[in-house]
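Derivation of every value follows stated rules applied to the coordinates shown; laboratory data play no part. Keep in mind it's a predicted model, so treat the numbers as computed, not measured. Backbone-built Cβ (ideal geometry, glycine too); neighbour counts: all protein chains shown.
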Amino acid sequence: MAIRQTGISYYGLNYVEHAEKDFQEMLEHGCNTVILAITEFDMNFWYPSIPQIVKKAKEMGLKVLLDPWGIGKYFGGEQVSLFLQNNINNRQVSAMTGEKLPAACFNTNSFRDYFQDFCLKLARDTEADGFFWDEPHYALPKSYASITGGAGEDWTCRCDVCKKKFFDYYGYEMPKMMNDDVKNFRWREALFLLEDTSRKIKEIDKRYEITMCVHATINTYYVTELRGYDKWDMVAASPYFDVFSTTILNWELPLTFFKEITRRTVETAQRYGKQSERWIMNYYKQPEDFSMMDKIIDLYDSMGVDRIAAWTYRGGYGTVLAAPDALKLWDRLGENYKRVLKRQ
Ligand SMILES: [Zn+2]
């Protein structure tokens, strides 16, 4: 077993000839896969360029995965959402206060159609290799952390659509306090849209590969985020996902935490015959000593991770989330990618 895939995310999908130069730089940095972060604005404005950019990346030898980045603020990411701009309804609602939140409710038909059309259009019009589901989540709450005192009691989503679905299934009004029925309802509904969309993508072309990337949280007795995808076994067991991936960890976290998340990621993936993937933080923060990146990548490799990926191209250079030494961090990533690929 060895790491076979070295991915890098990339945004700013404007001109194919500019993307070509960046793809060349990725290849020189040992990347064999590019994860294109496609925003709602890209789809709405730059669309003619997208299939061409995918084609160019493929011609140059990169594997291409499509990330519907931050769509409806349902997926992770900094991008703004046209869906939220154009819809004052179909939003997630706080259970405790009844407030509408700046996040689309993915249980409404309106958002489901919007999201699915977005993905299926890309599946039909491009020659990409797969899709990347990037940190999907219910808005709020951060945690139910009794050990830290400040238990987050609020949760989403208790909109009219969710309430009706809950009532139809369980035969009583969706409670404001989270109980086991609510937990099960949320897990089940959270999975529905991504499974349904993945299935339809594979119907367009069965070679499309789906990576499901969930938050890298411990999910223990004390701290469970309850973002909808925290029951890893339920997620990894889905027949529609090919790769089980867990997100970036901040460089400041202890090595034991990296080990624990990686062990659970690999074990969960293997239990269901899926490939495992771990991420590298290549933006915003950097390790105090860059050799820590070498150690973490060696750790992933030694623990049986199949794929690694980093956010983002050039260490976020030129953005508000650039690492302090963005280009140096990017170069270090490149050295590591080339090093691990040689081991194959
Ligand atoms: Zn809802």
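Over 27 Å between Cα atoms: which of 73/176; 206/285; 200/338; 100/259; 63/183 fall into that group? From 73/176; 206/285; 200/338; 100/259; 63/183, over 27 Å: 206/285; 200/338; 100/259; 63/183.
Can you give me the relative contact order of the chain as a percent, contacts being Cα pairs under 8 Å and 6 or more apart?
Details: 653 pairs, mean separation 65.1, N = 344.
Value for the chain: 19 percent.
When DSSP beta bridges are restricted to pairs lying wholly in the chain, around 5% turn out antiparallel.
Remark: relative contact order (segment 180-330) = 19 percent; criterion is Cα-Cα distance under 8 angstrom and separation of 6 or more residues.
Axis of helix 49-59 versus longest Cα principal axis of the chain: the two differ by about 50°, to the nearest ten degrees.
Give the range of the longest stretch in the chain that excludes all chymotrypsin sites (Phe, Trp or Tyr not before Pro) found in loop regions by DSSP and having at most 13 other beta-carbon atoms within 10 Å. The longest such stretch corresponds to 16-171.
Taking every Cα-Cα distance in segment 10-67 and sorting them into 5 Å bins from zero, the calculated P(r) comes out as 4, 21, 35, 26, 10, 4, 0 percent. Here the Karplus relation 6.51 cos²θ - 1.76 cosθ + 1.60, evaluated at θ = phi - 60°, turns the backbone of segment 322-332 into coupling constants of 5, 5, x, 10, 4, 6, 5, 5, 4, 5, 5 Hz, with x for every Gly and Pro. Residue by residue, segment 212-223 carries 3J(HN,Hα) couplings of 10, 10, 10, 4, 8, 10, 5, 6, 9, 4, 7, 10 Hz when phi is fed to the Karplus relation 6.51 cos²θ - 1.76 cosθ + 1.60 (θ = phi - 60°); x denotes Gly or Pro. One-quarter of the Cα convex hull surface for the chain, in nm²? Averaging across all directions leaves 16.9 nm² for the Cα convex hull. Database remark: amide H of residue 216 closer than 5 angstrom to the amide H of 247 (H placed geometrically; neighbours at sequence offset of 5 or more, or on other chains; Pro and chain starts carry no H). Distance between Cα centroids, segment 289-313 to segment 109-131: provide it in whole Å. After rounding, the separation between the Cα centres reads 30 Å. Annotation: amide H-H contacts under 5 Å for residue 224 (H modelled 1.01 Å from N, sequence separation of 5 or more, or interchain): 144.
If you run the Gaussian network model on the chain, springs between alpha carbon atoms under 10 Å, then out of 88, 53, 297 the most flexible one is 88.
Stretching residue 44 away from residue 319 to a fully extended chain increases their span by 96.8 nm, per 0.36 nm per residue minus the current alpha-carbon distance. Cβ crowding within 10 Å ranks 81, 302, 245 as 302, 81, 245, fewest other Cβ atoms first. Largest GNM mean-square fluctuation across 72, 30, 12, computed for the chain with C-alpha springs under 10 Å, falls on 12.
Between the amide H of residue 284 and those of 322, 323, distances stay under 5 Å, these residues lying 5 or more places away or on another chain, with hydrogens modeled in the peptide plane. Between residue 179 and residue 272, what is the spin-label point distance in nm, taking each point 7 Å from the Cα along the Cα→C-beta axis? The answer from the label model is 2.8 nm.
The 3J(HN,Hα) values that the Karplus relation (6.51, -1.76, 1.60; θ = phi - 60°) gives for segment 33-48 are, in residue order, 9, 10, 9, 7, 8, 9, 8, 5, 5, 4, 5, 7, 10, 9, 3, x Hz. Gly and Pro appear as x. When the chain is treated as a Gaussian network with alpha carbon springs shorter than 10 Å, the biggest mean-square fluctuation among 268, 33, 220 belongs to 220.
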